[in-house]
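Right, one structure below, let's go through it.
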Amino acid sequence: MVKQQQTIKRAVSYSGIGIHTGNKVSMTWKPVPVDHGIKFVRADLESKPAIEPLAANLGDVTRWTTIQSGNVVVHTVEHVLAALSAFGIDNLLIELDGNEPPVADGSSKEFVRMIHEAGIQPQEGKREAFAPQQPLYVEKDGALAIVLPCDHLQVSCTIQYGKPGLDAQYLSLAITPETFETQVAGARTFAFFEDLHYLMDKGLIKGGSLENAVLIRNETVLATEPLRYRDEFVRHKILDIVGDLSLLGRPLAAHVVVVRPSHALNAELTKALTKLMEKEKPIAPVEPFVPAMPAMPSKEVALDIMRVMGVLPHRYPFLMVDRVLKVEADKVVALKNVTVNEPYFQGHFPGHPIMPGVLQLEAMAQVAGVLMMRPGENTNKVAYFMSANDVKWRKPVRPGDQLIIEVTMGKMRGKIGKANGVCKVGDDIVSEAEVMFTIMDK
């Protein structure tokens, strides 16, 4: 399972119709920063509202999976989300000019193609799977799901409709990008002929046709091409399960056993897993802080986010350093990407977001901590921020700015040291201060 967050390298678009609404729609995927998550944006509405595909936002799950926030809805999200989940895409903006993604051919094949066209971009944020440590059982309308501990996502599915011409089907697969693309993505949605009147009376399948669905009538299978797999129907149900489970909001490492699945059962399972996730700790908790800086008295070195977290004890949302660009004997230059998704923008000048000056000061302090965590005598120690002098905030820092933090070491007497910090956006100094630290045992 991928250990770091991922987005796409470039924007990609696709147009078609929605299978249930019958509406024409264009869909565009756009790359976004780390920790953004996946969001659907209704670009056809005036305020362009965004909805996160999470269990808390579940709407109608009768024959599709709908997400809803207030009066804003997006229908039939499961086929798109299945492809994104299987390929480990964590951060993505999905813009729609309608209320439902295009159905394509009724499978996830087109969305896998879009992923390949856009390319996958690894990001520096850590990707933590939720791995339930205890079994979970959910039952609804004669269908059932069991979740068992496992170190990867495995889906075992059985379907049995009791109809002539359609025997019971069973399949168990480990979900990886390779298995999803070759064994699952091409499986199309299907319907029974005797259900058509019910679906049409409910205002559904307005865009349905034999070009985007398989129709089963008695012992006859109707489609524009032969079945793509001998057991295509159970494979499509696995596709739906993977997509619906992505509303957990985190990758899932578990063995999911489902008998007679439906979107309603999948929704109940996802809600139950969400509640369990709030109680259980992740399978791989954050390791204790042990400062570990390589010896580098004068050589320039860049530290990515994972190595920064090996030096500093801070974690989201209080880690103010995304990357260390340069480390010298008495100077460190680091970077903080200021995005609109920073949690403090929700309450700090809403409608006119400005990065709090005290957090710029904290960024200087953290970068100074990197400088002070030298090998040898400072192993298994931590730097505590003591005071700040000559603090000046000169210009506002707003979403989209790239904050460059430069810290130069001053005097060091015993366990107490001083450093001079400057924050810049471009060539402009936005804040500066002298910070004082003490080094103490953990």
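Taken together, the values in this text are just the output of simple stated rules run on the coordinates, not laboratory data. It should be emphasised that the depicted structure is a prediction, and the values quoted were computed from it without experimental measurement. Ideal geometry is used to build each Cβ from the backbone, glycine not excepted, and the neighbour counts take in all protein chains shown.
For the chain, the residue among Gly70, Thr179, Leu335 whose Cα projects farthest onto the positive side of the dipole built from Cβ charges is Leu335. Between Arg113 and Asp441, the distance separating the two model label sites (each 7 Å from Cα on the Cα→Cβ line) works out to 6.5 nm.
Panel order for Val397, Val80, by other beta carbons found within 10 Å of each beta carbon, from fewest to most: Val397, Val80.
Rounded to the nearest 0.05, what FRET efficiency is calculated for Lys279 and Thr179 with R0 set to 25 Å and r the Cβ-Cβ distance?
Working: r = 30 Å, r/R0 = 1.22.
Using R0 = 25 Å, I get an efficiency of 0.25.
Fully extending the segment from Ser15 to Val358, taken as 0.36 nm per residue of separation minus the present Cα-Cα distance, adds 118.8 nm. Label-to-label distance for Leu148 and Phe385 is 4.9 nm, based on points extended 7 Å past Cα in the beta-carbon direction.
Calculate the dipole size of the stretch 303-400 relative to its Cα centre from +1 charges on Lys and Arg beta carbons and -1 charges on Asp and Glu beta carbons; express the result in debye to the nearest 20. It would help to have the intermediate numbers written out before the result.
Numbers: 12 positive and 8 negative charges, 34 e Å.
That gives a dipole near 160 debye.
When only alpha carbons of the stretch 69-152 are considered, Rg and Dmax amount to 16.3, 44 Å. The angle between the Cα long axis of helix 263-279 and the main principal axis of the chain comes to about 20°, on a 0 to 90 degree scale.
Note on Lys424: lysines with a C-alpha under 22 Å away, same-chain residues under 8 apart excluded, are Lys326, Lys331, Lys336, Lys392, Lys395.
List Val2, Val370 from most exposed to least, where exposure is judged by having the fewest other Cβ atoms within 10 Å.
On the way: Val2 16, Val370 22.
In order of increasing Cβ crowding within 10 Å: Val2, Val370.
Using Cβ point charges alone (K and R +1, D and E -1), the dipole size of the stretch 5-77 about the Cα centre works out to roughly 280 debye.
About the Cα centre of the chain, what is the dipole size in debye to 20, counting +1 per Lys and Arg Cβ and -1 per Asp and Glu Cβ, all else neutral? The partial results should precede the final answer.
Values: 48 positive and 51 negative charges, 237 e Å.
Taking the Cα centre of the chain as origin, the dipole is about 1140 debye.
Only helices enter the 222 nm calculation for the chain: every DSSP H run of n ≥ 4 contributes -39,500 (n - 2.57), and dividing by all residues gives -5500 deg cm²/dmol, rounded to 500.
How large is the convex hull of the C-alpha atoms of the stretch 4-279 per residue, in Å³? Don't jump to the answer; show the numbers that get you there.
Details: hull volume 33.7 nm³, N = 276.
About 122 Å³ per residue, rounded to a whole number.
Note on the chain: dipole from Cβ charges, positive end direction compared against His79, Met320, Ala43; the farthest Cα belongs to Met320. For the stretch 314-395, the normalised intensity computed at q = 0.17, 0.21 Å⁻¹ comes to -0.81, -1.13 (log10 of I(q)/I(0), Debye sum over alpha carbons, equal scatterers, no solvent).
Remark: the Glu219-Gln160 segment gains 19.8 nm on full extension, using 0.36 nm per residue and subtracting the alpha carbon distance. Rounded to the nearest 10 degrees, the inclination of helix 232-245 to the longest alpha-carbon principal axis of the chain is 30 degrees. Inter-part distance, the stretch 334-376 to the stretch 216-233, computed on C-alpha centroids, equals 57 Å.
Axis of helix 109-118 versus longest Cα principal axis of the chain: the two differ by about 20°, to the nearest ten degrees.
Shape of the stretch 111-201 from its Cα gyration tensor (a ≥ b ≥ c, root eigenvalues): rounded if a/c is under 1.5, otherwise prolate when a/b > b/c, or oblate? Don't skip to the answer; put the middle values down first.
On the way: a/c = 2.26, a/b = 1.37, b/c = 1.65.
The shape class here is oblate.
Ordering 119-129, 359-369 by mean Cβ neighbour count within 10 Å, with the highest value first, yields 359-369, 119-129.
Please label the shape of the stretch 12-134 as rounded, prolate or oblate, based on the square roots a ≥ b ≥ c of the eigenvalues of the alpha-carbon gyration tensor (a/c under 1.5 means rounded; beyond that, a/b larger than b/c means prolate, else oblate). Mind showing how you got there, number by number?
Numbers: a/c = 1.44, a/b = 1.25, b/c = 1.15.
It comes out rounded by the Cα gyration axes.
Set against the 2.2 N^0.38 Å expectation for a compact globular protein, the stretch 305-441 has a Cα radius of gyration ratio of 1.02. Would you work out which of Ala254, Pro102, Thr220 lies farthest towards the positive end of the dipole of the stretch 4-279? Charges go on Cβ: Lys and Arg +1, Asp and Glu -1. Going by the Cα projections, it comes out as Ala254.
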